Amino acid sequence: MTNSLQPHGHDRTPLPPAQSPADGVPSPRSPRSRQDQRDRQDRPRTPGKQRDSFFDNAKYLAIVLVAVGHSWEPLKGDSRILEGLYTVVYSFHMPAFIIISGFFSRSFDLRPDRLKRLITGVAVPYILFETAFSLFKRFADHDPHQEISLLDPWYLTWFLVALFVWRLTTPIWKLVRHPLPLALGVAMLATITPDIGDDLDLQRVLQFLPYFVLGLCLKPEHFRLVRRRSMRIVAVPVFAVALAFGWWAVPRMNTAWFYHRDSAQELGAPWWVGPVMVLAMFGCSLVLTACFFAWVPGRTMWFTALGAGTLYGYLLHGFLIKGADFAGWFDHASLHRPLGEIFVTLLAATAVTLLCTRPVQRVFHFAMEPRMAWAFKPDAAELARERETAERRAEGRKVERAKVDA
């Protein structure tokens, strides 16, 4: 599903740049002196150069829960336990992913190079995948009435629209004095405004907005607070209570509230219920998201590198889930029993894991992260920064060679 202060003290000669490791994959360590290692630890990490294992782990685990939740949708009607699990998972898996997206959007501004990445990394994938999903539904589901409409996101692509809007508004949230209460107010007003309509799935964009703004407001120490051992212990009874409440709420609550895509009136509730549900669900989601983060490992795991490919897994698993649904695979009676539900869960987790891997990223890189240099004017400031960086690197290499020769 979102990066530095210069070190104080004596001036340090810049080191030559190490070869950039693959996202999420630690690079081999070269021999260094103890002082050099201490200097390296004191130096702040440059955003995009060093990945944090905790966030990659959290993104991977959240996207697995997203895929598993989608695989439960065709089955949950036959099992109150499964629907209770579904309710709990849906209360925090997207909030967790959105909070992380907001956290890593803190440095976003309207600088040309960042606007280019927003277009190539969010807007263009939305256009391509919205078109692909629409064509897929038309032919796989034999639905000749399915139209290609960039104003009506289908299934998963709403998140790309939301991320585009949220990031564009980031400078505003960084400017105002109380961004989170303001974002909550916007979400509350959205729930009582059915006239917003379905264009660009703006209900979801506005109702999920507080989680993104919260991510913008968070600092690294806030994540360290929820990762303490005491929080991991507290998370156990909290999730136990949540699961019990989810089971109890199945026949009593409309799970559509968790999708954040409808107003209160559209859900058949009095208008005042919308703002109340926004605040109640925001509080519950934050508690469960904090417990989820408490359980996320901070060290490098076998799946850590997959955190760099979560958007691939998010978008591509939709074809598998919907394809199986269109083909009627979920209609098999054996899948509606406990063992069948466990099988579907493991299959969905395995599938989305494979879709986050490097080979899949290489195949679909053209659609998810196109370069598109031909589409933009050269940015003089960016070219100057690149020349300055190249000069610093060259100077660093000269200094290192001089040290070796000495």
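Key figures
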item: Mean Cα-pair separation over length for the stretch 62-174, i.e. relative contact order, pairs under 8 Å, 6 or more apart, %; result: 25 percent
item: Rounded FRET efficiency, nearest 0.05, which uses the C-beta distance separating Ile192 from Arg252 and R0 of 22 Å; result: 0.45
item: Lysine pair count for the chain [Cα-Cα under 22 Å; pairs on different chains or 8 or more apart]; result: 9
item: Separation in nanometres of the label points that stand 7 Å from Cα toward Cβ, at Val404 and Arg228; result: 4.7 nm
item: For Asp195, net neighbour charge (Lys/Arg +1, Asp/Glu -1) across residues whose Cβ lies under 13 Å away; result: -4
item: Extended-chain gain in nm, criterion 0.36 nm per residue less alpha-carbon gap, Asp141 and Lys377; result: 80.8 nm
item: Burial ordering of Lys219, Lys174, Lys59, fewest other beta-carbon atoms within 10 Å first; result: Lys219, Lys174, Lys59
item: Residues of the stretch 72-88 with amide N under 20 Å of the 7 Å Cα→Cβ point at Phe245; result: 80-88
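No value in this document is a laboratory result; all are computed from the given coordinates. Please read these numbers as outputs of a predicted model, since none were measured by experiment. Note: ideal-geometry Cβ built from the backbone for every residue, glycine included; neighbour counts use all protein chains shown.
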